[in-house]
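Just below is one structure, and these are the notes that go with it.
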Amino acid sequence: MTWKDALGDRVPDDLGREIDTYENQMALKRQGKIDDKVFAETRLRRGAYGQRYDNGQRNDGTGVKPLPFPSNGQTKGPDTVWDAPGMQRIKIPFGGLTTDQMETLAELAEDYSDRVVHITTRQDIQLHYVHIDDTPDLMRRLAAVGITTREACGNTVRNVTACPIAGVCRDEAFDVTPYAQASMRFLLGHPDAQDFGRKFKVAFSGCRQHACGLVNMHDFGAIGVTKEVDGMTQRGFEVYVGGGLGAVPHEAKLFEPFMAEDEILPTLQAMSRVFARLGEKKNRARARIKFLVAQLGLEEFRRLVREERAALPGDDRWTGYLDDLPAYGEQPLKTGQALGDEAGSPAFQAWARTNVYHQRQPGYVTATVSLPLGDLSSDQLRRLADVARRFVGDTVRATVEQNIVLRWVRESDLPALHREFDAIGLARPGAESIADITACPGTDTCKLGIASSRGLAAELERRLADQLGTMDESVRRLRLKVSGCFNSCGQHHISDLGFYGVSRHVGGHVVPHFQVVLGGKWVDNGGAYGLAIGAVPSKNIPEVVRRITDRYVAERDGAESFYAFTTRVGKRALRDMLDDLMAVPAHEVDASYYRDWGDPREFGIGDMGIGECAGEVVSLTEFDLAGAESQIFEGQLQLEEGNFERADALAYGAMLQAARGLIKTEDIDISDDTDEIVTQFRRRFFDTQIFFDRFAGGKFAQYLFRRHERNTPAEGADTARQLIEEAQLFVEATHACQARLAAQPVVMPPPLDATPAAGRRS
């Protein structure tokens with residue numbers, strides 16, 4: 001029995017159809033019937049990401065382990081093989097997890113991966129070394145517990161993040177969780193969010209001063225605020241746009257100081273439309289909203305979004321969820337109770353000092369599970385689900401610092417909870433301390449990785465954890481973050497001490513280095529970005545950390561923050577104290593400098609490849625044509641099984657989808673009404689002869705018209721078979737027409753007036 005059969009109606013219909021389409025596209029790819037570029041983006045939009053694994057090893061936080069996966073000649077370095085084992089990213093909106101979902105994730109890590117579950121800096125889950133053939137079943141098993149991988153990667157709206165203590169935070173204006181959830185549901189698969197040149201990231205925070213939401217590093221960031229209107233407290237958001245890290249970080253700009261709660265979703269839709277219409281499509285390095293805002297200027301960008309918003313037709317989904325807000329809220333499993341006088345063991349006390357947050361609700365705390373490198377084993381996750389079920393129910397969230405928090409812990413249960421964590425190896429103290437290091441995958445699995453971010457982070461965590469008990473409190477509170485390259489997936493730009501991987505050539509050898517980044521500001525939602533002050537050999541980075549933190553303790557002015565300290569002392573003075581650490585001894589003097597952390601091989605960058613973070617820019621028409629071919633393929637299968645009516649319906653649907661995709665080159669807002677599609681196709685492409693083949697004329701268009709006029713399904717094999725063949729020819733003709741249109745000069749749409757403009761789309 002297949003997983004599709006076994007799960008049955010446990011998989012929601014919409015997700016089931018999406019997965020079936022993807023599975024058909026995989027089959028077509030193996031037959032060479034889908035373009036490589038199109039399939040790359042379509043798999044990315046399902047979270048299936050090409051990873052690096054040809055180094056044959058992975059750093060699991062305790063050391064380097066060889067990989068048990070034979071490559072069979074399939075590598076992920078400079079030459080990517082599309083069906084080699086890769087990474088599966090799984091969307092976890094606002095990091096919220098149920099215990100059933102945690103158990104399913106544990107099972108999937110065992111069945112399809114390396115038994116390691118990785119928490120990302122966007123509150124996602126990643127499984128590595130997953131073969132693409134396994135991804136449809138993996139997706140079905142996730143869908144059965146309410147999780148999707150759709151639009152986890154690619155040129156889409158990525159996972160919507162939010163503060164992991166939203167709803168229990170002592171400083172928040174209100175709980176932003178339902179707004180984050182509504183945004184995710186509204187934007188997932190939304191037609192106005194499918195034609196981006198790059199990704200679009202959204203975040204929510206309940207307050208300005210903390211960093212839990214990291215609003216300032218997002219394309220769209222919203223901070224919960226309130227104001228009094230006619231004696232009533234009204235909820236809204238302080239909205240920021242154009243933020244982002246990456247190679248060129250941009251601080252977000254204030255878009256609106258108070259946006260009423262009912263305007264969040266329509267504004268997101270309007271902004272998506274502006275980004276799709278005017279955002280860069282050819283140069284991926286400049287295809288984010290931050291560059292569009294910089295190009296247009298904030299005022300013009302704001303004007304365009306507001307103009308687009310005014311032209312949008314109403315949508316009940318914009319405000320439908322607001323009616324449920326009064327009833328929204330997590331319910332604690334147990335009645336709150338203070339801890340009392342129980343001191344607990346020294347290990348418990350050390351853990352409680354760093355890993356426990358006292359909620360605004362009396363008698364309750366949030367407990368953080370600090371994960372080395374953001375990893376935990378499948379067995380640990382399964383046992384953690386059991387602990388959560390007994391202590392807090394389904395109030396578990398992943399964090400942007402690659403940890404997991406259990407909310408609504410009864411304070412008096414803390415000693416028992418700590419014992420349970422200790423039994424499964426998850427009682428590490430030092431959460432949100434300098435020893436709780438954020439690190440991207442780096443050279444372990446990312447094709448863009450230059451230096452081993454995980455190897456360096458593991459070494460620093462080991463050294464710093466041993467010092468936590470005697471460390472000055474001012475140093476203990478610092479954030480340390482590591483990226484394997486300049487793209488800032490490890491958030492190095494907004495940390496107190498940040499590092500990103502680079503390389504240097506010395507005496508004919510390549511030496512792993514890290515740029516030292518100082519001046520970032522973790523608080524205030526990622527309030528300031530640091531600058532690189534110099535590249536230091538990887539082997540000397542631990543000494544860099546020691547020297548800088550020692551100087552901070554020695555020269556700190558009262559309660560001066562690290563950000564204020566680095567600003568006062570100056571980057572030049574701090575760089576001068578690192579000059580001697582930048583020197584690299586000759587290879588024959590000390591060969592260890594020429595190896596990366598945890599890697600016995602001599603360092604090199606020959607296994608780097610083209611990263612898939614940005615994806616390819618693929619038009620909506622290309623997606624529709626790929627979907628049409630998928631329907632034809634499914635129709636062939638139905639024909640073989642004797643389901644003639646179903647085969648006929650799929651062939652007809654394929655022609656409609658292809659026609660609709662072609663119409664989108666002129667009108668992105670074409671409806672899915674069949675009569676409207678056929679009418680618009682006839683008017684725009686048949687009557688004008690744009691669709692006509694050089695030799696066949698309008699012959700292939702007649703296949704669609706005849707089936708539409710018939711309006712009854714086929715009753716026999718011959719009729720169904722004929723329509724499938726005609727549908728294939730129609731789709732081929734649509735491909736040819738789309739290619740001819742793409743070769744013509746692009747005509748930009750005119751400015752918006754009262755209604756959405758219709759014009760040639762690129």
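Readers should treat all values here as calculations from the given coordinates under stated rules, not as data from a laboratory. This structure is a prediction, so every number in the text was calculated from the model and none was measured. All Cβ positions, even for glycine, are placed from backbone atoms using ideal geometry, and neighbour counts span all protein chains on display.
The simple spin-label model puts a point 7 Å past each Cα toward its Cβ; for residue 170 and residue 575 those points are separated by 4.1 nm.
Rounded to the nearest 500, the helix-only mean residue ellipticity at 222 nm of the chain stands at -11500 deg cm²/dmol, with each DSSP H run of n ≥ 4 adding -39,500 (n - 2.57).
Helix 644-663 and the longest principal axis of the C-alpha atoms of the chain enclose an angle of approximately 70°. Set the Förster radius R0 to 51 Å, insert the Cβ-Cβ distance between residue 554 and residue 1 as r into 1/(1 + (r/R0)^6), and round the FRET efficiency to 0.05. That gives a FRET efficiency of 0.15. Couplings 3J(HN,Hα) of region 487-493, computed from phi: 6, 6, 5, x, 6, 5, 5 Hz, in residue order, whole Hz [Karplus 6.51 cos²θ - 1.76 cosθ + 1.60, θ = phi - 60°; x for Gly and Pro].
Take peptides 262-273, 310-321 and line them up by average Cβ neighbours within 10 Å, highest first, as a rough protection proxy.
Details: 262-273: 22.3, 310-321: 12.8.
The most tightly packed comes first, giving 262-273, 310-321.
Expressed to the nearest 5 percent, the antiparallel share of DSSP beta bridges inside the chain is 85 percent.
Would you work out if region 346-423 is rounded, prolate or oblate? Take a ≥ b ≥ c from the square roots of the eigenvalues of the alpha-carbon gyration tensor; rounded if a/c is under 1.5, else prolate when a/b is larger than b/c, oblate otherwise. It comes out rounded by the Cα gyration axes.
Filter 33/201; 481/521; 227/253 down to the pairs with a C-alpha to C-alpha distance above 24 Å, please. As for pairs spanning more than 24 Å Cα to Cα, those are 33/201. Couplings 3J(HN,Hα) for region 443-452, derived from phi with the Karplus relation 6.51 cos²θ - 1.76 cosθ + 1.60 (θ = phi - 60°), are 5, 4, 9, 9, 6, 8, x, 9, 10, 6 Hz, where x marks Gly and Pro. Residues whose amide H lies under 5 Å from that of residue 506, counting only those 5 or more places away or on a different chain, are 511; hydrogens are built 1.01 Å from N in the peptide plane.
Close amide H contacts of residue 438 (hydrogens built in the peptide plane, cut-off under 5 Å, sequence separation of 5 or more or a different chain): 480, 482. FRET efficiency for the residue 509 to residue 640 pair, using the beta carbon distance and R₀ = 60 Å, is estimated at 0.50.
Would you please classify the overall shape of region 465-536 from the alpha carbon gyration tensor, given that a ≥ b ≥ c denote the square roots of the eigenvalues, rounded means a/c under 1.5, and beyond that prolate means a/b larger than b/c while oblate covers the rest? Oblate. Please give the residues of region 404-440, grouped as numeric ranges, whose backbone N is less than 14 Å from a label point set 7 Å along the Cα-to-Cβ vector of residue 358. 411-412, by backbone N distance to the label point.
Residues whose amide H lies under 5 Å from that of residue 86, counting only those 5 or more places away or on a different chain, are 129, 130, 131, 132; hydrogens are built 1.01 Å from N in the peptide plane. In order along region 136-142, the phi-based Karplus estimate (6.51 cos²θ - 1.76 cosθ + 1.60, θ = phi - 60°) of 3J(HN,Hα) comes to x, 5, 4, 5, 5, 5, 5 Hz; Gly and Pro are listed as x.
Helix 541-555 and the longest principal axis of the Cα set of the chain meet at an angle near 60°. Label zone of residue 316 (point 7 Å out along Cα→Cβ, amide N under 19 Å): in region 661-687 this covers 672-673. Rank 186, 297, 369 by how far each Cα sits towards the positive end of the charge dipole of the chain (+1 on Lys, Arg Cβ; -1 on Asp, Glu Cβ) and give me just the farthest. Toward the positive end, the furthest listed residue is 297. Against the chain, whose longest principal axis is taken from its Cα atoms, helix 378-391 shows a tilt of about 80°. For residue 37, the aspartates and glutamates whose Cα comes closer than 12 Å to its Cα, not counting residues fewer than 8 places off in the same chain, are 612, 616, 622.
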